[in-house]
Amino acid sequence: MAISKIRKSGNSIVLVLSPNIIREKHIKVGDIVEYEVFKKIDLSKIFGRGRHVKIDPQKAKDMLREEW
């Protein structure tokens, strides 16, 4: 998955794509593209906060896999 940066250009917001994605997808200036956006979050803020929760890690992984 590629990560891109949102930048401001005048009164507009621009999504900057890496050259690798542009070459791989054969994108040219003026092409109309479809995309899906997910905001990347920083999980370091919540790391270690659940120490008091007693749950079997394997059981938790199994429960998550059932939802897939």
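A few notes on this one:
- Those residues of segment 1-31 which are of a type in the set (Ser, Thr, Tyr) and at pLDDT 90 or above, in sequence order: Ser9, Ser12
- Matching residues, segment 1-29, being hydrophobic (A, V, I, L, M, F, W, C) and exposed (fewer than 10 other Cβ atoms within 10 Å of the Cβ): Met1, Ala2, Ile3, Ile13, Val16, Val29
Here is a yes/no grid of residues against (1) part of a loop (DSSP other than H, G, I, E, B); (2) aliphatic (A, V, I, L, M); (3) in contact (Cβ under 8 Å) with a residue 60 or more places away in the chain:
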{"position": "Ala2", "(1), (2), (3)": "yes, yes, no"}
{"position": "Val14", "(1), (2), (3)": "no, yes, no"}
{"position": "Arg23", "(1), (2), (3)": "no, no, no"}
{"position": "Arg51", "(1), (2), (3)": "yes, no, no"}
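- Some residue of segment 27-35 being part of a loop (DSSP other than H, G, I, E, B) and among the basic types (Lys, Arg): yes
- Counted residues, segment 30-65 - those being aliphatic (A, V, I, L, M) and surrounded by 10 or more Cβ atoms within 10 Å (Cβ to Cβ): 2
The values are calculated or read from the model by the stated rules, or taken from the named source; none is laboratory data. It should be emphasised that the depicted structure is a prediction, and the values quoted were computed from it without experimental measurement. Every residue, glycine as well, gets a Cβ built from its backbone with ideal geometry; the counts of neighbours run over all protein chains shown.
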